[in-house]
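As structure tokens, the structure follows; a few thoughts come after it.
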Amino acid sequence: MHIVHLAAEFAPIAKAGGLGEVIVGLARELSKSHSKVDVILPKYDFIETSKLLHPKLEVADFKCLESGTLHGNAMWTAENEQCRLHLLESRHRAGYFHRGKIYGCEDDIARFTYFSRAALEYLKLKKEPIDILHLHDWHVSLAAPLARDLFAADLPIKKIVLTIHNIEYQGKCASDDLDRIGLQGAAYLEKEKLQEDDPSYPKTINLLKGGIVYSDAVVAVSPTYAKEILTPEMGFHLDATLRKHKKKVCGILNGIDQKLWDPSSDPAIAAHFDSERSPSAIQTAKDEAKKALCQIYSLDAKKKPWIGAVTRLVPQKGPELLEEALRQTVKQNGIFALLGSSPIPKIQTHFEQLKIRSKNHPQLLLEFNYNEKLAHQIYAALDFLLVPSHFEPCGLTQLIAMRYGAIPIVRATGGLKDTVFDCDDGSIPIKQRNGFLFVNATVASMNQTLERAFDLFRNNPNMFQSLIRNAVKIDSSWNKPAQEYEKLYRKLVPQSAAPNHSFTDLREARGRN
Ligand code: ADP
């Protein structure tokens, strides 16, 4: 089976959050089976070609039409992570991928619609039949209508799958934006097509909606999120479209990259352990990790427990609740570690000022930038990881934390609900209980749960250790999720009933040679 992923991120070379890790993990696991897996992403200026394995210029020049002009592109390839990685180098005058960042440019719509079309131009040139074109999030959603309406005759794609990693981001634009990339924008301003579902914006095009409507399957990144996005409360106005296409919606939980997040060999951390070690040995390793951070950040080594978060600081993640938890932890004589960064200047400034005000506080480790190494060190040191999200499609940080023996305290939503099982929930077998859940995204609900967690940590060390034992044993590998994706691909393209036609066969079948 030939699967082609289009995505905006690929870790570690182009990672802004969970999406990049998911693409690598899934692609690597799928490549282990008999599938041929290609991943195409933009060649951002910050990607160091020297860090890629055997980078090669694959296609020196091919064109992509935009605003009536043909723009030059090249395609690079590298043998990364067992799949074939392709990096699209755009020579567009606007320097679409020369911005030093993945997202957050005023012309993100133009950048990613261009990428969607250019990727299809490249695939057309390659002439390899594609069983599954797998799209991730709004950035590449336009590839679905483009593939079906503009490239259908020249690009043999059997089925299209869209994974929604976060429905909050939808790529809203004007119909002109579609004209620019070669579609007749006005024709897509229809309810059944790409017209925004929010009735206040009837002239708006919604790219993610295009992905939903034109795909053969829509995957949400956890079973609970797959149900939540069908509701008006959590569907960000796309719930009606999703309910209409309900038959093709399903949920598949993400895994985490077991090589990147491996406490038995992680070069960033002070002491190593694996899931076979006893909880007390794991706690001893954690003490080493704490000691290392205490030295760097002049923290009070006698304070405990350690609680913290590694997160984008956006409204979704409950930054107001994180700030409240920080205060509670100080009051309760613990240490709070917060590593975060925000694309929203007001939030970033707010947290930076908090850091200035609490300078040299012996119970606070605060860093407001993106720091991969520190993230590893924090997971290794924490006793508890807090994820107070208002919504959370899957969430990777609770999975990473558990692998590092940190107990998650999370809001019961999305993938958090599917992976964290409360230690006081009598309906869950004791061996599965691995953390704490709170139902409402309110200070009261969270604080009650923090108190429960601190109380257990201080007064019931045996139970706390059994949570560590259960948490480190959880299977968060890509093994099972990749199998579920494969099952879905095979349902869409049954191998026996649909043998791999060659490109020429398909053209002949359509009578257009
Ligand atoms: P999302 O994709 O919504 O940001 P996830 O929980 O799915 O959230 O994934 C977040 C990923 O990004 C995790 O690997 C986490 O460790 C990492 N991360 C988030 N913020 C930072 C930061 N400031 N520095 C380093 N890593 C971060």
Restricting region 52-99 to residues that are closer than 24 Å to His2 by Cβ and outside any strand (DSSP E or B), the one least open to solvent (accessible area, probe 1.4 Å) turns out to be Leu52
For the list (1) touching a residue at least 24 places away in the same chain (Cβ under 8 Å); (2) assigned to a loop (DSSP other than H, G, I, E, B); (3) open to solvent by 10 Å² or more (accessible area, probe 1.4 Å), I need the number of the one condition that His139 fails. (2)
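Residues that are within 13 Å of the ligand (Cβ to nearest atom), part of a strand (DSSP E or B), surrounded by fewer than 21 Cβ atoms within 10 Å (Cβ to Cβ) and charged (D, E, K, R): does region 372-391 have at least one?
At the first step, the residues of region 372-391 found to be within 13 Å of the ligand (Cβ to nearest atom) are 372-380, 382, 385-391.
Filter again for part of a strand (DSSP E or B), leaving 385-387.
Cutting the leftovers down to surrounded by fewer than 21 Cβ atoms within 10 Å (Cβ to Cβ) gives us none.
Within region 372-391, not a single residue is within 13 Å of the ligand (Cβ to nearest atom), part of a strand (DSSP E or B), surrounded by fewer than 21 Cβ atoms within 10 Å (Cβ to Cβ) and charged (D, E, K, R).
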Taking region 359-371 and keeping residues open to solvent by 60 Å² or more (accessible area, probe 1.4 Å) and either within 7 Å of the ligand (Cβ to nearest atom) or not assigned by TED's automatic domain parsing to the domain that holds Ala401 (or both) leaves Asn369, Tyr370
Qualifying positions in region 392-422 - within 14 Å of Lys473 (Cβ to Cβ), in contact with a Ser or Thr (Cβ under 9 Å, 6 or more places away or on another chain) and either hydroxyl-bearing (Ser, Thr, Tyr) or near the ligand (Cβ under 9 Å from one of its atoms) (or both): Leu399, Thr419
Breaking point among (1) more than 16 Å from the ligand (Cβ to nearest atom); (2) on the phi > 0 side of the Ramachandran plot, for Pro199: (2)
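Could you tell me whether Val439 is of a type in the set (Val, Ile, Thr) and buried (at least 24 other Cβ atoms within 10 Å of the Cβ)?
Working: of a type in the set (Val, Ile, Thr): yes; buried (at least 24 other Cβ atoms within 10 Å of the Cβ): no.
Spelling it out, it is not the case that Val439 is of a type in the set (Val, Ile, Thr) and buried (at least 24 other Cβ atoms within 10 Å of the Cβ).
For region 329-353, which positions are aliphatic (A, V, I, L, M) and either away from the ligand (no atom under 15 Å from the Cβ) or in the same structural domain as Ala14 (by TED's automatic domain parsing) (or both)?
Step one: of region 329-353, the residues aliphatic (A, V, I, L, M) are 330, 335, 337-339, 344, 347.
Once the filter is applied, which keeps residues that are aliphatic (A, V, I, L, M) and either away from the ligand (no atom under 15 Å from the Cβ) or in the same structural domain as Ala14 (by TED's automatic domain parsing) (or both), region 329-353 yields Val330, Ile335.
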Meets criteria (closer than 30 Å to Tyr169 by Cα, touching a residue at least 60 places away in the same chain (Cβ under 8 Å), open to solvent by less than 20 Å² (accessible area, probe 1.4 Å) and away from the ligand (no atom under 13 Å from the Cβ)) for Ala289: no
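Quick check on Ile356: is it within 30 Å of Cys105 (Cα to Cα) and either within 16 Å of the ligand (Cβ to nearest atom) or outside the structural domain of Gln465 (by TED's automatic domain parsing) (or both)?
Values: within 30 Å of Cys105 (Cα to Cα): yes; either within 16 Å of the ligand (Cβ to nearest atom) or outside the structural domain of Gln465 (by TED's automatic domain parsing) (or both): no.
No; evaluated as a whole, the condition is false for this residue.
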Which listed residue, of Val4, Val39, Val24, is part of a strand (DSSP E or B) and under 13 Å from Asn80 (Cα atoms): Val39
If Lys259 satisfies every condition in (1) open to solvent by 30 Å² or more (accessible area, probe 1.4 Å); (2) modelled with pLDDT of 95 or more but one, which is the exception? (2)
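Of these, Tyr404, Tyr370, which one is of a type in the set (Phe, Trp, Tyr) and touching a Pro at 6+ places or on another chain (Cβ under 8 Å)?
Working: Tyr370 fails: touching a Pro at 6+ places or on another chain (Cβ under 8 Å).
On inspection, the qualifying residue turns out to be Tyr404.
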Pairs where the first residue, in region 389-404, is in the same structural domain as Ser445 (by TED's automatic domain parsing) and the second is in a helix (DSSP H, G or I) and among the aromatic types (Phe, Trp, Tyr), C-beta under 7 Å, 6+ apart: Pro393/Tyr225; Cys394/Tyr225; Ile400/Tyr379; Ala401/Tyr379; Tyr404/Tyr379
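Can you find, within region 152-188, the residue that is least open to solvent (accessible area, probe 1.4 Å) among those that are in a strand (DSSP E or B) and among the charged types (D, E, K, R)? So that I can check it myself, show each step before the final result.
First, pick out the residues of region 152-188 that are in a strand (DSSP E or B): 157-164, 172-174.
Filter again for among the charged types (D, E, K, R), leaving 158-159, 172.
Details: Lys158: 49, Lys159: 64, Lys172: 98 Å².
Applying the filter and picking the extreme gives Lys158.
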Output the residues belonging to region 294-328 that are open to solvent by 40 Å² or more (accessible area, probe 1.4 Å), within 16 Å of the ligand (Cβ to nearest atom) and closer than 16 Å to Lys346 by Cβ. Arg312, Pro315
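The values are calculated or read from the model by the stated rules, or taken from the named source; none is laboratory data. Quick caveat, the model's predicted, so the values are computed rather than measured. Note that each Cβ is placed from the backbone with ideal geometry, even for glycine, and that neighbours are counted across all protein chains shown. Heads up: the accessible areas ignore ligands, DNA and RNA and are worked out on the full protein's heavy atoms, side chains in. Shrake-Rupley method; radii C 1.70, N 1.55, O 1.52, S 1.80 Å.
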